[in-house]
Amino acid sequence: MKALSPVERMAVERAGADDMTAQVRRWAAVGSGSGHREGLDRMVTELADAFSALPGEVRSVEPAPVERVAADGRQVPVDNGRHLHLTVRPQAPFRMLFTGHMDTVYPPDRPVRVEDGPDGTLRGPGTADMKGGLAVMLAALRAVEASPLADRLGYEVVVNSDEETGSLSSAALIAAAARGKAAAFTYEPALADGTLAGARGGSGNFALVVRGRAAHAGRNPADGRNALLAAAELALRLEAAAAPGLTVNPARIDGGGPNNVVPDLAVLRVNFRPADAAAARLAQDALDDAVAQVAFAREVAVEVHGGFGRPPKPLDASALRLFELVRDVGHALDQPVTWRATGGVCDGNNIAAAGVPVVDTMGVRGGAIHSDDEYMIPASLAERAALSAVTILRLAESGL
């Protein structure tokens, strides 16, 4: 294993010099749930100020238009927040992409409390997922910029406002930023012991709008076409499509009305989790078949909205080389690094689909994300910033 060079040791010291804990406290105190425009506007302003310490122009990017299916079957616009984008030295010999997200899963009406845990952790919404990760990213890049190797590295930074809802309004921005990059880091949290996410399955979210025919439930029920029953049958057919490497979760049915009316509208929402591209094709075939069969048998119309917004992320040869480099740097820093496959998804799926090797859990160590008990381990801020900074320097020096 290669020992740290003097340049790398200086980067480690620089990466741990910022008061990242105070920074995370301040950012986590801003309620910035997906779609909470006021909180997201505050966060993009905070982040633009912080990332302006790096060379290049920081800009906020308006979200691409996105619609969702409402409970009444209408497509309505989604009010996503602005995204942060930074480009540095685009003509450099080695170029990378760094991504993160400013949104959390917590609704605007949830009280924001950031507090010290009795076990030395910092607890609060987004502390681990991923305002802690944003602090790590910034500290690592500041350390790299202070290095004599900085001129060898070009990069783009994208911090989006809608990762927790699938990155639909930022997908094109991420894809464009990924173009031509040799490697990428995303700053989702690692597990509490530092374990990284390796291969990831994909995810597809769909809303199936079923339109039947209303009728009086007592006088002429046979004239009706029950959309609620059709949606329920769709849910059962799709559940039966689950197979090794493919999980199916019919999550919700909206619809129905008075007991004396045959319901003419229902909306089924379903999530597919394919382990690989073959499983994604199986899911799409099962969906197409179920829609065709139920529409014919029950004489209803079914509109399909959605898609596989997170493609599966296999651990191919180039990605494995990147993971092994991170592991070797971790060894030099006395930070054991391992990884394992997971069914969770993130922007790393989309970056890998663009052909760029990515490690997407370079953020803090923490846990209980998406719950009231979410926490990060403050000591991991400097640890993980050093891990990123040294790995970036080795990539800039020697490539992947």
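Of the helices (runs of 4 or more DSSP H) entirely within region 285-400, those holding at least 1 residues that are out of contact with any His (no Cβ under 9 Å at 6 or more places or on another chain) and within 25 Å of A243 (Cβ to Cβ) occupy 347-353. Residues in region 41-64 that are touching a strand residue (DSSP E or B) at 6+ places or on another chain (Cβ under 7 Å), assigned to a helix (DSSP H, G or I) and without any contact (Cβ under 8 Å) to a residue 60 or more places away in the chain: A48 only. Restricting attention to region 163-193 and to residues that are assigned to a loop (DSSP other than H, G, I, E, B) and in contact with a Leu (Cβ under 6 Å, 6 or more places away or on another chain), the residue that is nearest to R394 (Cα to Cα) turns out to be A182. Can you name every residue in region 99-124 that is under 18 Å from S380 (Cβ atoms) and buried (at least 17 other Cβ atoms within 10 Å of the Cβ)? Selection gives G100, V114, T121, L122, R123, G124.
Suppose the filter is more than 22 Å from the chain's Cα centre (by Cα), surrounded by fewer than 21 Cβ atoms within 10 Å (Cβ to Cβ) and free of Cβ contacts under 8 Å to residues at least 40 places away in the same chain; does E67 pass it? Here the answer is no, as E67 does not meet what is asked. Take the conditions (1) touching a helix residue (DSSP H, G or I) at 6+ places or on another chain (Cβ under 7 Å); (2) under 30 Å from P336 (Cα atoms); (3) assigned by TED's automatic domain parsing to the domain that holds A178; M1 misses just one of them, which is (3). Going by the structure shown, is A353 within 24 Å of E397 (Cβ to Cβ) and of a type in the set (G, A, S)? Criteria not met by A353. Restricting attention to region 196-231 and to residues that are within 30 Å of T361 (Cβ to Cβ) and of a type in the set (S, T, N, Q), the residue that is surrounded by the most Cβ atoms within 10 Å (Cβ to Cβ) turns out to be S203. Region 73-162 holds strands (runs of 3 or more DSSP E) entirely within its bounds, and those carrying 3 or more residues that are touching a strand residue (DSSP E or B) at 6+ places or on another chain (Cβ under 8 Å) and over 28 Å from D193 (Cβ atoms) map to 75-77, 83-88, 153-160. Flag: M20 does not match the condition of being crowded, with 19+ Cβ neighbours inside 10 Å and within 21 Å of A175 (Cβ to Cβ).
Could you count how many residues in region 365-390 are more than 12 Å from V136 (Cβ to Cβ), over 17 Å from the mean Cα position of the chain (by Cα) and not hydrophobic (A, V, I, L, M, F, W, C)? Matching residues across region 365-390 total 3.
When G343 is tested against (1) closer than 28 Å to M102 by Cβ; (2) surrounded by 16 or more Cβ atoms within 10 Å (Cβ to Cβ), only condition (2) is not met. Screening A230 on (1) out of contact with any Lys or Arg (no Cβ under 6 Å at 6 or more places or on another chain); (2) not in a strand (DSSP E or B) shows it passes everything except condition (1).
Evaluate region 69-81: report whether one residue or more is in contact with a helix residue (DSSP H, G or I) (Cβ under 6 Å, 6 or more places away or on another chain) and at pLDDT below 95.
Looking through region 69-81, at least one residue is in contact with a helix residue (DSSP H, G or I) (Cβ under 6 Å, 6 or more places away or on another chain) and at pLDDT below 95.
Can you tell me which residue is surrounded by the fewest Cβ atoms within 10 Å (Cβ to Cβ) among those in region 238-256 that are in contact (Cβ under 8 Å) with a residue 40 or more places away in the chain and closer than 15 Å to V267 by Cα? That would be D254.
Within region 151-181, the set of residues being more than 10 Å from the chain's Cα centre (by Cα), closer than 15 Å to S60 by Cβ and charged (D, E, K, R) comprises just one member, E156.
Figure legend. Inter-residue proximity from region 29-40: first residues on the phi > 0 side of the Ramachandran plot, second residues modelled with pLDDT of 95 or more and not in a loop (DSSP other than H, G, I, E, B), beta-carbon distance below 9 Å, spacing 6+ or different chains. Indicated pairs: G35/T165.
The values are calculated or read from the model by the stated rules, or taken from the named source; none is laboratory data. None of these values were measured; they are calculated from a predicted model. Here Cβ is always computed from backbone atoms with ideal geometry, including for glycine, and neighbour counts include all displayed protein chains.
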